[in-house]
Amino acid sequence: MYIIRVLTETGPLKAYEIKKKLEEKYNIKPAIITVYVVIYKMTREGLLETVNIGGDTLYKPTEKGLKALGEARRFLDWVRESIS
């Protein structure tokens, strides 16, 4: 869900740019191959889609991805309230 969150804040990005944003924003330092694997899986599941701009492949969240992000946020809010 971090990837979808980053993309909602920045707009479409290349995989390497997503990796850099994860490092900057969340101090997560995944290997680039890990980022590609996760992006591939999220794209296959319909959470992300590709956009080709100037010969570059960029990724952006789909409606399904945005819905999943909202559900994840609600679940985390529920967990926080439950343990408070």
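Counting only residues that are at pLDDT below 95 and of a type in the set (Val, Ile, Thr), which one in the range 59-84 is nearest to the chain's Cα centre (by Cα)?
Selected residue: VAL79.
Answer with yes or no whether VAL35 is in a helix (DSSP H, G or I) and touching a residue at least 12 places away in the same chain (Cβ under 8 Å). Reasoning before the result, please.
Numbers: in a helix (DSSP H, G or I): yes; touching a residue at least 12 places away in the same chain (Cβ under 8 Å): yes.
Yes: the conditions hold for VAL35.
Quick one: ASP56 ticks every box in (1) more than 14 Å from VAL6 (Cα to Cα); (2) within 13 Å of the chain's Cα centre (by Cα) except a single one, so which number is it?
(2)
Could you please give the count of residues in the range 61-70 that are in a helix (DSSP H, G or I) and free of Cβ contacts under 8 Å to residues at least 40 places away in the same chain?
Pass one, the range 61-70, residues in a helix (DSSP H, G or I): 63-70.
Imposing the further condition that a residue be free of Cβ contacts under 8 Å to residues at least 40 places away in the same chain reduces the set to 63-64, 67, 70.
So the count comes out to 4.
Could you say which residue among ILE32, ILE28, ILE39 is touching a helix residue (DSSP H, G or I) at 6+ places or on another chain (Cβ under 6 Å) and closer than 13 Å to PRO61 by Cα? Can you show your working first?
Values: ILE32 fails: closer than 13 Å to PRO61 by Cα; ILE28 fails: closer than 13 Å to PRO61 by Cα.
Every option except ILE39 fails the conditions.
Which one of these is out of contact with any strand residue (DSSP E or B) (no Cβ under 8 Å at 6 or more places or on another chain), surrounded by 15 or more Cβ atoms within 10 Å (Cβ to Cβ) and over 14 Å from ARG5 (Cβ atoms): VAL35, VAL79?
From the options VAL35, VAL79, the qualifying one is VAL35.
Residue by residue, here is whether (1) in a helix (DSSP H, G or I); (2) surrounded by 15 or more Cβ atoms within 10 Å (Cβ to Cβ) holds:
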{"position": "LYS25", "(1), (2)": "yes, no"}
{"position": "ILE39", "(1), (2)": "yes, yes"}
{"position": "MET42", "(1), (2)": "yes, yes"}
{"position": "GLU49", "(1), (2)": "no, yes"}
{"position": "ASN52", "(1), (2)": "no, no"}
{"position": "TYR59", "(1), (2)": "no, yes"}
{"position": "ALA72", "(1), (2)": "yes, no"}
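The values are calculated or read from the model by the stated rules, or taken from the named source; none is laboratory data. Remember, predicted model here, so these are calculated numbers, not experimental data. Here Cβ is always computed from backbone atoms with ideal geometry, including for glycine, and neighbour counts include all displayed protein chains.
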